[in-house]
Amino acid sequence: MQPTSVNGLKWYVVQSKPREEVRAEYFLKEKGFQVYLPLMEVAITRGVRDIMKEKPLFPSYLFCRFDAESSLAYVRWSKGVVKILPESIAPTPLDDGLITAIRTLGQKDGIIRKKALEKGDQIRITRGPMKDILGIFDYWTSDEGRVRVLLNFLNYQASAELHHSLVERVVP
C-alpha cells in the first residue's frame, strides 16, 4: 500500500536486520515509500590491496518517509525491517533538515567519500599495519580518494600514500 497523504509524510528512522539495509530499502520502495539509505565509500584491505566498497553510513539503519497514521504497519512489517525508532505506537518523526544535511555530505552519485583534510592537518592512521601512527596530511593524490601523508619513524620522515578512509584528523 502506498502512502496516502502528501502533506502528512514525515521522515522516520527504520532499523533493519543486521546487514539487510539494502533488502529493507528494496521492499519499502516496492511498497511505494520514499527511502534514503546513506552510503559511504570505504577501503577494505585484502592482502596488500585496498578494495573500494560502499557501506551504509549508519549500519542497520535507514530513513523512510511516510504517514505514520496510515502506513506505520506497512513499514513495520516490510521484509528486512526490525522496527521504527523510537519503538512505540507513535514514533517520533525526524526534522527534514537532518535528512537534507546528511544528503549534502554525499557527492553527485549520493555516496559520501572524501573527508575535509587540508595541508598540514595532523592525522592518525585508523587501520592496517600502521594503525595509530601519527602523521601530517600533505595532499590529495588522486580522484579515487588517495592521500599523501608524512610520517615520522625514529628520526626518519617518510611519506605514504593511503586511501582517505584509513586516516582521521587529530583535533589538537
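The values are calculated or read from the model by the stated rules, or taken from the named source; none is laboratory data. Note that the coordinates shown come from a computational prediction; the quantities given were computed from them, not determined experimentally. Glycine gets a Cβ as well: all are built from the backbone with ideal geometry, and neighbour counts include every protein chain shown. For accessibility, only protein heavy atoms count, side chains too; no ligands or nucleic acids. Shrake-Rupley method; radii C 1.70, N 1.55, O 1.52, S 1.80 Å.
Evaluating Glu118 against the criteria (1) open to solvent by 80 Å² or more (accessible area, probe 1.4 Å); (2) charged (D, E, K, R); (3) under 19 Å from the mean Cα position of the chain (by Cα) leaves one unmet condition, (3).
Any residue in the range 41-48 that is in contact with a helix residue (DSSP H, G or I) (Cβ under 6 Å, 6 or more places away or on another chain) and over 20 Å from Gly97 (Cβ atoms)? Within the range 41-48, one or more residues are in contact with a helix residue (DSSP H, G or I) (Cβ under 6 Å, 6 or more places away or on another chain) and over 20 Å from Gly97 (Cβ atoms).
Counting only residues that are crowded, with 18+ Cβ neighbours inside 10 Å, charged (D, E, K, R) and modelled with pLDDT of 80 or more, the range 33-64 holds 1 of them.
The set of residues from the range 101-115 being open to solvent by less than 80 Å² (accessible area, probe 1.4 Å) and assigned to a helix (DSSP H, G or I) comprises Ala101, Ile102. One residue stands out among those in the range 55-74 that are outside any helix (DSSP H, G or I) and charged (D, E, K, R): the one that is nearest to Ala90 (Cα to Cα), which is Asp67. Filtered by the rule that a residue be at negative phi and under 19 Å from the mean Cα position of the chain (by Cα), the range 62-83 gives Leu62, Phe63, Cys64, Arg65, Val81.
Matching residues to (1) closer than 14 Å to Glu41 by Cα; (2) of a type in the set (S, T, N, Q); (3) at pLDDT 80 or above:
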{"residue": "Thr126", "(1), (2), (3)": "no, yes, yes"}
{"residue": "Asp132", "(1), (2), (3)": "no, no, yes"}
{"residue": "Phe137", "(1), (2), (3)": "no, no, yes"}
{"residue": "Asp143", "(1), (2), (3)": "yes, no, no"}
{"residue": "Phe153", "(1), (2), (3)": "no, no, no"}
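All of (1) surrounded by fewer than 18 Cβ atoms within 10 Å (Cβ to Cβ); (2) modelled with pLDDT of 95 or more hold for Val14 with one exception: (1). Of all residues in the range 76-89, those that are touching a residue at least 60 places away in the same chain (Cβ under 8 Å) have Cβ atoms under 9 Å from Cβ atoms of residues that are among the small types (Gly, Ala, Ser) and open to solvent by 10 Å² or more (accessible area, probe 1.4 Å), 6 or more apart or on another chain, in Val82/Ser60; Ile84/Ala68. Residues in the range 65-96 that are surrounded by 14 or more Cβ atoms within 10 Å (Cβ to Cβ) and of a type in the set (Asp, Glu): Asp67 only.
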